[in-house]
Every structure is written in structure tokens, then in C-alpha cells.
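What follows is a set of notes on a single structure, which appears directly below.
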Amino acid sequence: MPTVTWGAIQGRKEKLVSRVIICDYLKSIGIVPDELEEVELPSTVDVMRERVEFLQKIGLTIDDINEYHLMLGCSARKNMIPVLGYLEKIGIPRARMREFVKNYPQCLHTSVVVELVPVVKFLRGLDVEKQDIGYVLMKYPELLGFKLEGTMSTSVAYLVSIGVNPRDIGPMVTQYPYTLGTRVGTMIKPLVDYLVSLGLPKKILARMFEKRAYVLGYNLEETVKPNVDCLMSFGIRKEALPSVIAQYPQILGLPLKAKLSSQQYFFNLKLKIDPDGFARVIERMPQIVSLNQNVIMKPVDFLLGRGIPAEDVAKMVVKCPQLLALQVGLMKNSYYYFKSEMGRPVQELVKFPEYLTYSLESRIKPRYQRLQSKGIRCSLAWFLNCSDQRFEERLKGEYIEAESSCPSFYMGGRLELPGSDVVSEDEEESDDEMLYRRTVAL
């Protein structure tokens, strides 16, 4: 009569034989089974064949399987079908399922109820829109493996603590899902502390992160600090850094030295603007570092074509670099109104180049016509560089109010730039309020 020991030995032998047969099958189709020694395999070749064929059905190749052999330890019925069905339900397109599984094959080991559903509920709780869940997970599938009480909750809590609106966390995660995987202690807090040390208030940083969440992913030591040092080496003043960063946060993550070197040389060669003038340009409009040189030359050529001397054009650009992002067609209309209707000398335009940044139809014409009707003669800055309310107050006065000195980067109207907006400011705002408004308009 067979003993229990004999039965156990016989069972192990059968398992071993079955494993050899399955490994031979895998080798025959190009799968290297070496890494499967610790993985529990099915009892028959038919079951393994079913798994392989299912994986191939969703688009995975033999090479994909060889990159992550552990997926062969997942049951098609118990693991693969429930998981992939749920992923499709929450917005991962079937056509991109192969890409998703290839990027994050660990998902095949997860439990829908215990692991996947809680993560999706967490994202919805952050105000990530239902239709955006699939996009977020496609971009950062590793979120499915995070513990809710770990990095994800900590990063959200810290961002809210520095002033990020809780309602904006969802849009931030949608824009940059890696936000939830960015560690507070080693990434977010050191970055925030450094930017605060440069003079950026936390409320400004909060607005900046809301609009440009990917800044949270910039490496402080390898990218941010070297770029700040680079800005200062090109003549950007330390006190101007907060404004530069708030206007153009991307500047912290660009290959900055190469871009600044190229633009500085170009400005000196083509626009006759020296390095000091170039530094003032960057302070007033940091987006210049990424502006195409062909785009820059179009408004410059227009101004030169109007007979304005090159040295005056250079002065205009340094005083109001937003000129370089204007559409020439709009410049033409404003210039011809300046010459034909207003009949003013070009030197006034050189003195106040911001004139060209204001909307002809919504600001210049209406205000100039009001001046004409009252017989008031004044400078361009007096009637343009102020809010509607202040303009009305000035018109009601019995005298021409003396112009107050103001930062030369004040400019008119909303100016569309590649990747950002620059807006006009009311003249009585504090530095913090001005920086806040600039950041909100990014």
C-alpha cells in the first residue's frame, strides 16, 4: 500500500515533469523561461498556451513578454480578464491596452477591488474628471501601485498647505500626474524653500504650480539651481528673479545656457543690443529665451522700415521687449493711426513703445477720441498706461496729472505669446499683487 510520503514524492515528480514540458513549450515559441524558476506555473501546457495567446490577443509580442516574464504567472480568468476589463471601463482604450500593459505589466497582478478601485476613487476625490482618469493612468500607470496613505496623500496635503486651492489639485494631476508621485521631503519642499529664498511668496508659488504643475518635477540640484545661477551670470539682477520666474516658470527647466548664449549673440549682432540691455530684456520678458529669431526680426524690420533709426529701435526693444512678439499686421494698424490720425512725431513712439502693445480698437481709438472731444493734449503714457477707472478720473480733472514713474515693463492690453499671456497692470498694485496677477495670467 503506497505511503503518504510516496504520494508526495510522486506529486512533486509530476509537477517537475509538467514544468519541464511547459518550459519546453515556452522555448519553442521564443520565450526564455530562465526567470520563471520562482514563479508558480499552471499544471498543463494548455493553460500556459491560453495565457500566452491572451497576452498576444491584446497586442503584446514575445519580446514584450520576455521583458517581464512574471506576467505568465497571472491567470487569464482570475487576473488578466478582470483587470483589463476594469481598465477599459475607466477609460483606457482597448487599442492602447498593449501600450499600457507593456509600460506597467505589474497591473496584471493587482486586485480590482482591493487595489484598483481605491486608487480610482482617490483620483475622483481629488476632482480629476471621470473622463480624464484613463488619460492620467496612461501617462503615469505606476499610480495604480501607490499606497493611498503614502506619497499621494502627503504631496496633496503639502501643496494645499502652501496655498494651492484644493479644487485645483484635480486639474494639476490631470496636467501632470507625476505630482502624486513626487515626494515632499526630497523634491517638493526643497524646491519650494529654494524659490521662497529667492523672493517668491508661497501664494505666488501656489498659483504657479496650479497653472504649471510640471515645475514640481524639475530637479533642484541638477536643473533649477544651475539655471538660476545661469540667469545671474547673464546679468539678471537678483531682485528681478522672482518676476522672471513668475512670468515664465519654464525657464527653470530649460537648457538655459545654450538658449541665452544664442539669443544674447543674436541681439548683439542683429539688434545692436549689448549684454546689459539683453539682461534688461530678459527681466522684462523672459519668454524671449524661447522666441524664434525669425519671429523676433519681423517687428524689428517693420520698425526699421518706418525710418526709425536702429539705435532707437534697440531702445524701444529694451524698454518694451513685448514688441518682439507682436503681429506685424496689428503693429501696422496702430502705427498708421498714430501717424495719420494722431499726427504725432515718431520720437513719442520711441519714448513710449508700449503704445504698440495696446488694442487699437478697444483702447487707443476710444480713449484718443475722448481726449479729442475734450481738447486735451497729453502724452501717450498718460492716457494709455492706466486702468479705465483712472482714465475717467483723469478726464474729470481740471489739470493734466503729472505722470508717475512706473516700472518700464508695464504694457498695454493682453499680449498673446507662445505659451503664455502678458497682461496690463493697474498702476496702484503692490509688488506682490503685480507678481500674483502675472502668475495667474501665465
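Quick note: the coordinates plus some simple rules give every number you see, no bench work behind them. Quick caveat: nothing in here was measured; it's all calculated off a predicted structure. Note that we place each Cβ from the backbone using ideal geometry, even for glycine, and neighbour counts take in every protein chain shown.
The stretch between D229 and K365, if pulled fully straight at 0.36 nm per residue, gains 44.5 nm over its current Cα-Cα span. Summary of packing: across the peptides 27-34, 168-175, 377-384, the per-residue average of other C-beta atoms within 10 Å ranks them, highest first, as 168-175, 377-384, 27-34.
Relative to the longest principal axis of the Cα atoms of the chain, helix 202-211 runs at roughly 70 degrees. For the chain, the mean residue ellipticity at 222 nm estimated from helices alone is -15000 deg cm²/dmol, where every DSSP H run of n ≥ 4 contributes -39500 (n - 2.57) and the total is divided by all residues, rounded to the nearest 500. Near F352, no amide H atom lies under 5 Å from its own; only residues 5 or more places off or on other chains count, and H is placed 1.01 Å from N. Computed from label points 7 Å out along Cα-Cβ, the spacing between D46 and H109 is 2.9 nm.
The gain in end-to-end length when the K121 to I58 segment is fully stretched comes to 20.1 nm, 0.36 nm per residue minus the alpha carbon separation. If only the Cβ of Lys and Arg carry +1 and only the Cβ of Asp and Glu carry -1, the dipole of the chain around its Cα centre is close to 740 debye. Of the options [x] 40; [y] 48; [z] 57, only one is percent of Cα pairs over 32 Å apart as computed from these coordinates, and that is [z]. Put the Cα centre of region 359-393 next to the Cα centre of region 34-54 and the gap is 79 Å.
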